[in-house]
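The values are calculated or read from the model by the stated rules, or taken from the named source; none is laboratory data. Please read all numbers here as calculations on a predicted model, not as lab measurements. Ideal geometry is used to build each Cβ from the backbone, glycine not excepted, and the neighbour counts take in all protein chains shown. Remember, those area values only see protein heavy atoms, side chains included, never the ligands or the DNA or RNA. Shrake-Rupley method; radii C 1.70, N 1.55, O 1.52, S 1.80 Å.
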Amino acid sequence: MLTPMVAGGVVFPGLFLLSKNTLQRLPQLRWEEADAVIVSARLVSSVQAVMASTAGYIVSTSCKHIIDDQHWLSSAYTQFAVPYFIYDIYAMFLCHWHKHQVKGHGGDEGGARAPGSTWAVARGYLHKEFLMVLHHAVMVLVCFPLSVVWRQGKGDFFLGCLLMAEISTPFVCLGKILIQYKRQHTLLHKVNGALMLISFLCCRVLLFPYLYWAYGRHAGLPLLAVPLAIPAHVNLGAALLLAPQLYWFFLICRGACRLFRPRGSPPPSPCQTQD
């Protein structure tokens, strides 16, 4: 178990530092640190998403029996990804910190920051990104032990499908970068927004009904009978995993309403209101 986790602890922070230093030091680029940090964090998240989705596809398509079949990559990638969630909490804080500084809240340039400013930024970060930080913490403290110990080698198919939920992440990251650099009205942003909406719906929201359907097909049960045929704690776990996905999907839909609303249209409806 230790080797994949050490590898993940080297790969994800290492890729972040490599990307940030490259963007800052290449003569053709010479990006400011804030820009390099934000883009590098999104890049690492996208790389992790591609790796997780690829691993998930390999695992899920290799398991013909959805309960008993096993694939070595399911446990190996789960262990490899644990350091990513820890690293990403810090990377998100760095992004928030630099956005805070760029907005002019960090004190005069080159001057000492006001006492307590770091704590103020940290509180603002936790307030803004509370759900994402909680999600990452749950992945490390709850989902990882459950997937490695509690499953006892069962259900690799379902774990592989859950890994493929990361397919939407590169589109989310690109969308955030485009918004950060005020490219909301470009064709690229609109195409990316449509792909993000579709991928998030299919891979994060409809994924859970699909898993219930897959189990029902395996057990010879209709879809609506599956929740009554499986343990209550499984239904509870699925509900807890689905709830934040539904919230984020609502935010994506609200953003899509704003993005595709014609210019000069009447005041937005409730689904289009600003935060």
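Given segment 39-104, what whole percent of its Cα pairs are spread farther than 16 Å?
Every Cα pair in segment 39-104 considered, those over 16 Å come to 57 percent.
With a 1.4 Å probe and all protein chains kept in place, how do 182, 190 rank by accessible area, largest first?
Highest to lowest solvent-accessible surface, that is 182, 190.
Once Rh is set to the Kirkwood radius over Cα pairs, what Stokes-Einstein translational diffusion coefficient, in µm²/s, holds for the chain at a temperature of 37 °C and a viscosity of 0.692 mPa s? The partial results should precede the final answer.
Working: Rh = 20.8 Å.
It diffuses with D of about 158 µm²/s by this estimate.
Tell me what the chain gives for mean residue ellipticity at 222 nm when only DSSP H runs of n ≥ 4 count, each as -39,500 (n - 2.57), the sum divided by the residue total, rounded to 500 deg cm²/dmol. Spell out each step's value before the answer.
Numbers: 11 runs with 186 residues, N = 275.
Value at 222 nm, helices only: -22500 deg cm²/dmol.
Determine the order of 90, 247, 77, 215 by accessible area, beginning with the largest, at a probe radius of 1.4 Å.
Solvent-accessible surface, decreasing: 90, 247, 215, 77.
Dividing the alpha-carbon Rg of segment 171-235 by 2.2 N^0.38 Å yields what?
In units of the globular-protein estimate, segment 171-235 measures up at 1.69.
As a test of reading the structure, rank 250, 85 by solvent-accessible area (1.4 Å probe, protein chains only), most first.
Descending accessible area places them as 250, 85.
Net charge near residue 196: determine it from the other residues with C-beta under 11 Å of the C-beta of residue 196, scoring Lys and Arg +1 and Asp and Glu -1.
Net local charge, residue 196 excluded: +3.
So if I average 1/r over every pair of distinct C-alpha atoms in segment 1-110 and take the inverse, what Kirkwood radius in Å does that give?
This gives a value of 15.9 Å.
Considering only protein heavy atoms, what is the solvent-accessible area of residue 59 at a probe of 1.4 Å, reported in Å² to the nearest 10?
0
Using a 1.4 Å probe on the protein heavy atoms only, what accessible surface does residue 22 show? Give it in Å² to the nearest 10.
For residue 22, the solvent-accessible surface is approximately 60 Å².
Could you work out what % of the accessible surface of the chain is carbon and sulfur, using a 1.4 angstrom probe and leaving DNA, RNA and ligands out of the count?
On the way: 10940 of 15920 Å².
The value for the chain is 69 percent carbon and sulfur by accessible area.
To the nearest 10 square angstrom, what accessible area does residue 177 show with a 1.4 Å probe?
40
Take the chain, mark every one of the GluC sites (Glu not before Pro) that falls in a DSSP loop and has at most 15 other Cβ within 10 Å, then report the longest stretch left between them, sites excluded.
No qualifying site falls inside 110-275, the longest such stretch.
Report the equivalent ellipsoid semi-axes for segment 34-188 in whole Å, largest first, defined as the square roots of five times the eigenvalues of the gyration tensor built from alpha carbon atoms.
Value: 36, 19, 10 Å, ordered largest first.
How long are the semi-axes of the ellipsoid equivalent to segment 114-156, from square roots of 5 times the Cα gyration tensor eigenvalues, in whole Å, largest first?
In descending order the semi-axes read 35, 9, 5 Å.
Before I look further, what does segment 161-223 give for accessible area per residue, probe 1.4 Å, in whole square angstrom?
About 55 Å² of surface per residue is accessible.
Would you mind working out the magnitude of the charge dipole of the chain relative to its Cα centre, with +1 at each Lys and Arg C-beta and -1 at each Asp and Glu C-beta, to the nearest 20 Debye?
Taking the Cα centre of the chain as origin, the dipole is about 720 debye.
Using a 10 angstrom cutoff on alpha carbons, build the Gaussian network for the chain and name the most mobile of 175, 220, 56.
Of 175, 220, 56, the most mobile in the Gaussian network model is 220.
Lys/Arg Cβ at +1, Asp/Glu Cβ at -1, dipole of the chain taken about the Cα centre: which of 91, 137, 61 is farthest positive-ward?
The listed residue farthest towards the positive side: 91.
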